[in-house]
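Take a look at the structure set out below.
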Amino acid sequence: MHDLLPLRQYFDSGATRPYESRRRLLLRLRQLILDHEAEISAALYTDLRKSPEEAYGTEIGLVLSEISYCLKHLKSWMRPRRLSTNLLNWPSSSILYRDPLGVVLVIAPWNYPFQLALLPLMSALAAGNTVVLKPSELAPATAAVIEKILAGLDSEVRVINGEGSVVVPELIHSFHFDHIFFTGSVGVGRSIYQLAAERLIPVTLELGGKSPVVVEPDADLATTARRIVTGKFINAGQTCIAPDYLLVHAELKAPLLAKMKETIALFYGQGQELAKIINEKRWEVLVSYLQQGTILCGGEHDRSRLFIAPTLIEMTDLEVSLMKDEIFGPILPVVTYRTMEEALAIIRKNPNPLAFYLFTRDRSRQKAWMEALPFGGGCINNTDWHFTNPSLPFGGVGNSGMGAYHGKSGFDTFTHGKSVMRTPIWLDLDIKYPPFKGKMKWFKLFMR
Ligand code: NAD
């Protein structure tokens with residue numbers, strides 16, 4: 001059994017509260033990452049065959065820039081905020097303190113095994129908590145580097161590696177966490193929510209789902225093709241916010257598909273820069289999808305390299321698993337639509353996607369689409385990049401999760417807004433004290 005009591009004791013000692021100690025901790029974390037950059041990059045190559053550029057651009061660099069952003073704003077986020085006070089409570093004043101939660105559990109997935117562990121960890125530390133981090137066992141090289149790096153922060157952080165289905169329930173049963181932050185699949189998210197509910201532990205759930213990309217007839221062909229292809233095939237499609245399937249307007253279908261094929265050949269022609277599928281089990285699931293439509297390009301696969309070429313596949317039957325399950329691989333189903341209603345009906349079969357992408361230059365169409373659908377977040381005329389903007393809270397809605405993080409929203413997630421009213425003693429009106437008989441007119445005057 002893991003002895004997590006020292007994390008609780010360290011939190012209770014108050015050592016994590018001062019701004020200076022949080023700032024020093026973030027600077028140490030940044031330095032540890034910089035000192036081990038080559039090792040992290042090598043681990044990401046081992047686990048997912050990510051190139052050094054992809055490893056930096058989508059993992060290491062993201063964490064470093066989020067730490068810099070946090071260092072820039074932390075002091076102001078921590079400052080107690082004066083809020084207004086209603087007439088009933090005059091002359092009191094109102095203050096909102098941002099209080100750290102305590103000891104939090106962060107559970108990470110394998111697809112971006114470094115940044116999806118380190119970003120929430122960083123926010124939790126900046127918020128003044130101590131953290132137990134459970135990386136994914138499916139990216140073991142990265143999990144080992146994370147454990148090694150964070151051993152340097154042993155008062156504030158414990159990394160616990162192992163099989164999730166064993167380690168996580170054991171942890172939640174044996175220690176009272178103050179918050180659980182989970183990134184992963186809907187099914188596991190549901191079981192973690194249940195475990196947490198028994199103990200009234202609040203949760204943030206960052207889940208997945210089927211994220212559509214819609215292309216309207218007026219979209220710019222070349223940029224649309226480049227942006228969909230990159231957003232879909234980065235990390236071989238194993239990205240929670242990757243466009244899952246393409247809904248293209250009938251008018252633009254032929255030229256867009258031609259442009260996308262050309263773009264795929266240009267970007268990934270020799271299979272270069274394409275990550276591998278995480279394991280054989282997932283590879284087999286993905287290969288089975290290739291039978292479910294007409295392959296327009298790609299489709300080549302090789303078990304020995306856990307490789308699947310970037311694939312466009314035209315769908316006629318929408319009742320197959322490729323159009324029901326989250327794909328999480330380099331296969332992009334293409335569906336044609338003619339009216340917005342038709343496209344909406346298809347999207348609503350998998351409601352509340354984590355991401356939604358729209359390509360159109362028409363502002364009124366943009367407005368109509370933004371109002372028509374609930375979704376976690378997304379982009380207009382782009383894919384995936386909203387994730388990299390720390391000013392935008394990142395999270396799902398409904399089926400795709402609850403709660404958000406990144407930037408200030410991460411700080412808020414890992415703190416409690418403690419509301420306090422301070423009442424002076426120089427005014428103490430009798431109308432606020434019993435007996436209340438005869439005071440109704442005052443209540444009615446102030447409480448309307
Ligand atoms: P997963 O749910 O299988 O695993 C996530 C974590 O939970 C891992 O650390 C794992 O060890 C642990 N775990 C596994 N089984 C468990 C169990 N029975 N009880 C408790 N913990 C358990 O997810 P994954 O396969 O690693 O990741 C892929 C999924 O994650 C996709 O659905 C994807 O969309 C989603 N995802 C979401 C985001 C997001 O930001 N919303 C980001 C990345 C991935």
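Observations
- Each other residue within a Cβ distance under 11 Å of K134 adds +1 if Lys or Arg and -1 if Asp or Glu, for a net charge of -3.
- Sites matching trypsin sites (Lys or Arg not before Pro) across the range 301-342 that sit in DSSP coil, with at most 12 neighbouring C-beta atoms within 10 Å: K324, R338
- Between helix 280-289 and the chain: long-axis angle, C-alpha atoms, 0 to 90°, nearest 10: 60
- GNM top mover of L125, L306, L274 - the chain, alpha-carbon springs below 10 Å: L306
- Loop-resident sites, the range 147-204, for GluC sites (Glu not before Pro), counting at most 13 other Cβ within 10 Å (DSSP): E163
- The range 233-388: radius of gyration over Cα atoms, expressed as a fraction of 2.2 N^0.38 Å: 1.03
- Ranking by accessible area, most exposed first, for K148, K134, K281, K439 with a 1.4 Å probe: K281, K148, K439, K134
- Gaussian network model of the chain, Cα within-10 Å springs - most flexible of P374, P390, P91: P91
- Beta bridges by DSSP in the chain, antiparallel share as percent, to the nearest 5: 35
- In straight-distance terms, cross-link reach from K441 covers every one of the lysines whose alpha-carbon lies under 20 Å from its own, apart from those fewer than eight places away in the same chain; here that gives K432.
- Within the same chain, aspartates and glutamates fewer than 8 places from K134 are excluded, and of the rest, those with a Cα less than 19 Å from its Cα are D3, D47, E59, E147, D154, E156, E163, E170, D178, E206.
- Solvent-accessible area assigned to carbon and sulfur over the range 212-395 amounts to 52 percent, based on a 1.4 Å probe.
- Taking all protein chains together, L247, L96 sort by accessible area into L96, L247, largest first [probe 1.4 Å].
- Descending semi-axes in Å of the chain, equivalent ellipsoid built from Cα gyration tensor: 43, 30, 19
- Student exercise, the chain dipole from Lys, Arg, Asp, Glu Cβ charges, in Debye to nearest 20: 2240
- Here is the list for the range 296-333: GluC sites (Glu not before Pro) lying in DSSP coil, each with at most 15 other C-beta atoms within 10 angstrom of its C-beta, are E300, E319.
- Accessible heavy-atom area order of K232, K437, highest first, probe of 1.4 Å: K437, K232
- Three-way shape label, the range 340-402, alpha-carbon gyration tensor, a/c 1.5: oblate
- Averaged over its residues, the range 108-167 has an accessible area of 24 Å² per residue, based on protein heavy atoms and a 1.4 Å probe.
- Placing unit charges on each Cβ (+1 for Lys and Arg, -1 for Asp and Glu) gives the chain a dipole about its Cα centre, and among L247, S391, L138 the Cα reaching farthest toward its positive end belongs to S391.
The values are calculated or read from the model by the stated rules, or taken from the named source; none is laboratory data. As the structure is a prediction and not an experimental result, all values here were calculated from the model. Cβ: placed from backbone, ideal geometry, glycine included. Neighbour counts: every protein chain shown. Areas reflect the complete protein model, heavy atoms only, side chains present, ligands, DNA and RNA absent. Shrake-Rupley method; radii C 1.70, N 1.55, O 1.52, S 1.80 Å.
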